[in-house]
Amino acid sequence: MSVARRALVLTASAALLTACSPSPAPSASNGAGAPAATSITELDYYADEQGSAAWQKILDTCATQTGIKIERQKVPTAQMLPKVLQGASSKTLPNLLFTDNPTLQQVAATGALTPLTDYGITTDGYYPGIAKAGTYQDKLYGVAPGVNGLALIYNKDLLQAAGVEPPKTWDELKTAAAKLTKDGKYGLSFSAISSEEGTWQFLPFFWSNGAELSQLDSPQATQALQYVTDLVNSGSASKSVVTWSQNDVADQFVSGNTAMMINGSWNIARLDEQKSLHYGVVPIPVPQAGGKPVVALGGEVGAVPVTGGPAQQAAGKVLTCILSEPTMLEWSKAHAYIPSKSAVAQKFGTEQPAMQAFVDEVGTARSRTAELGEKYPKVSQALADALQAALTGKTPADQALKAAQQASGS
């Protein structure tokens, strides 16, 4: 983390301790004569050391400000959704839940969540895509204090040596990646593994070209998949992208094996630690000049499950604190997220230049579940399988997407 950035974190931390209101948000009645809860349970998947510590600091701050003890449980990402769905079925969910935003609609469909309007929480001032990500059947069930996204991160020294400007269009990206591929280094790296991670990385190309998840085999979708496939077939990107996670891609970039990468904002702190690495960040290139990239919104939404009694109301009070602007800004700075409120995000981008490209993309970013709701996971896997089939040469892009459309049932 840079000195300037560390100073910003310390400044925001001091402001945060005085800015979260301890007064309860408007909410449904606790019941006649019911005493206010003094503790709640919370579940999240911030299991990595840095993310866990940053999130614990947020919880500690809101526990202090609200006077409510927060008993936290964290699980690995892969275990989160099965645990939540099991808890929804057995009515054993915690009082407060932070889950990956694409899973929110699937959980809400079980009837296990309460509308956040019950606690006076609204989406006033939030980016539209973020509001949609937390909405199910026209009711708000989840809100994110911050989001993450993808951008093109490049090695300034390698591009300068090759006489290459950061690309803005698909044609420029193709040319730049080819020119930067030499001496055992690849021009571009990305993740295309057969999971949501692969789909998430492909969606900016898919959506920016006008494709829709309801029609995976459209001409626009086929063109996007063919474009990415050509990057691999030409040698500008490694054939190993089908096995690389986003962490693997970051490893390749940090080690100097690739000149550019498609990756997320959460890598910024790690990149800042590499003193000899000079990097830049620009929005993901688009099909035509003047276009706007359409990336997928990442990050977690806070939700209040149906648990009944005073603890349910207390969870709403804690969530209100977490969604306050000072807390939102603190979380974003600590975890390299973008604040969910547009005005806060613009200020954040000005203070954190490395994050500006990510901020610029949020205005056109889309929720992965806004169109398909709880059907999204099946469609996502079908698209990830098509990506694998095309990139490995097993199936031509158009046929891979036809198979994906049939498998998705959409």
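So the values come out like this:
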| item | result |
| --- | --- |
| The lone exception for residue 73 - which of (1) in a helix (DSSP H, G or I); (2) farther than 17 Å from residue 103 by Cα; (3) at pLDDT 95 or above; (4) open to solvent by 30 Å² or more (accessible area, probe 1.4 Å) it fails | (1) |
| Which numbered condition residue 385 fails, given (1) open to solvent by 10 Å² or more (accessible area, probe 1.4 Å); (2) under 20 Å from the mean Cα position of the chain (by Cα); (3) of a type outside the set (A, V, I, L, M, F, W, C); (4) not assigned by the TED database to the domain that holds residue 92 | (2) |
| Set 121, 153, 130: member being assigned to a loop (DSSP other than H, G, I, E, B) and within 26 Å of residue 364 (Cα to Cα) | 121 |
| Residues located in the stretch 389-410, provided they are within 25 Å of residue 234 (Cα to Cα) and open to solvent by 40 Å² or more (accessible area, probe 1.4 Å) | 392, 393, 394, 396, 398, 399, 402, 403 |
| Selected residue (criterion: surrounded by the fewest Cβ atoms within 10 Å (Cβ to Cβ)) from residues of the stretch 360-373 that are of a type in the set (A, V, I, L, M) and more than 14 Å from the chain's Cα centre (by Cα) | 370 |
| Qualifying residue in the stretch 380-393 (condition: among the acidic types (Asp, Glu), under 27 Å from residue 109 (Cβ atoms) and touching a residue at least 60 places away in the same chain (Cβ under 8 Å)) | yes |
| Residue match in the stretch 138-154 (condition: open to solvent by less than 40 Å² (accessible area, probe 1.4 Å), more than 16 Å from the chain's Cα centre (by Cα) and under 30 Å from residue 258 (Cβ atoms)) | yes |
| Residue satisfying condition, being in a helix (DSSP H, G or I), assigned by the TED database to the domain that holds residue 317 and surrounded by 17 or more Cβ atoms within 10 Å (Cβ to Cβ), within set 102, 82 | 102 |
| Unmet criterion (only one of (1) open to solvent by 50 Å² or more (accessible area, probe 1.4 Å); (2) over 27 Å from residue 236 (Cβ atoms); (3) touching a Ser or Thr at 6+ places or on another chain (Cβ under 9 Å)) for residue 376 | (1) |
| Filter result for residue 313 (closer than 24 Å to residue 40 by Cα and over 21 Å from the mean Cα position of the chain (by Cα)) | yes |
| Search result, residues across the stretch 315-326 that are in contact with a helix residue (DSSP H, G or I) (Cβ under 6 Å, 6 or more places away or on another chain) and either polar (S, T, N, Q) or open to solvent by less than 10 Å² (accessible area, probe 1.4 Å) (or both) | 316, 318, 321, 322 |
| Positions within the stretch 155-189 being open to solvent by 30 Å² or more (accessible area, probe 1.4 Å) and in contact (Cβ under 8 Å) with a residue 40 or more places away in the chain, in sequence order | 156, 157, 158, 166, 168, 172, 174, 178, 181, 184, 185, 186 |
| Failed condition for residue 348, given (1) within 30 Å of residue 278 (Cβ to Cβ); (2) of a type in the set (A, V, I, L, M, F, W, C); (3) touching a residue at least 60 places away in the same chain (Cβ under 8 Å) | (3) |
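The values are calculated or read from the model by the stated rules, or taken from the named source; none is laboratory data. Since the structure is predicted, the reported quantities are computational estimates derived from the model, not experimental observations. Reconstructed Cβ throughout: ideal geometry from the backbone, glycine too, with neighbour counts over all protein chains shown. For accessibility, only protein heavy atoms count, side chains too; no ligands or nucleic acids. Shrake-Rupley method; radii C 1.70, N 1.55, O 1.52, S 1.80 Å.
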